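The structure appears below as structure tokens.
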Amino acid sequence: MLGWALGFFILAIIAAAFGFGGIAGASAGIAQLLFFVFLALLVITFVARAVRGRSVL
């Protein structure tokens, strides 16, 4: 159990370093950008399939 506690402590220290260093904010921005890009690609794919006359799902 002590090994698990030390492992989680080290993981928490690493997460805190990333969170306090500003990396978390940049990662959230990148994730938001990727979400909207893939959402747009999904809509474009559905429209393209609908125009061709194929079933969307």
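The values are calculated or read from the model by the stated rules, or taken from the named source; none is laboratory data. In this text the structure is predicted, and so the values were computed from the model without any measurement. FYI the Cβ positions are ideal-geometry reconstructions off the backbone, even for glycines, and counts take in every protein chain you see.
Rundown of residues vs (1) of a type in the set (A, V, I, L, M, F, W, C); (2) touching a Phe, Trp or Tyr at 6+ places or on another chain (Cβ under 8 Å); (3) surrounded by 10 or more Cβ atoms within 10 Å (Cβ to Cβ), yes/no style:
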residue	(1), (2), (3)
ALA16	yes, no, yes
ALA24	yes, yes, yes
PHE35	yes, no, yes
ILE44	yes, no, yes
ARG49	no, no, yes
_Neighbours by Cβ (under 8 Å, 6+ apart or cross-chain): first from region 41-54, on the phi < 0 side of the Ramachandran plot and assigned to a helix (DSSP H, G or I); second at pLDDT 90 or above and surrounded by fewer than 10 Cβ atoms within 10 Å (Cβ to Cβ)_ = none
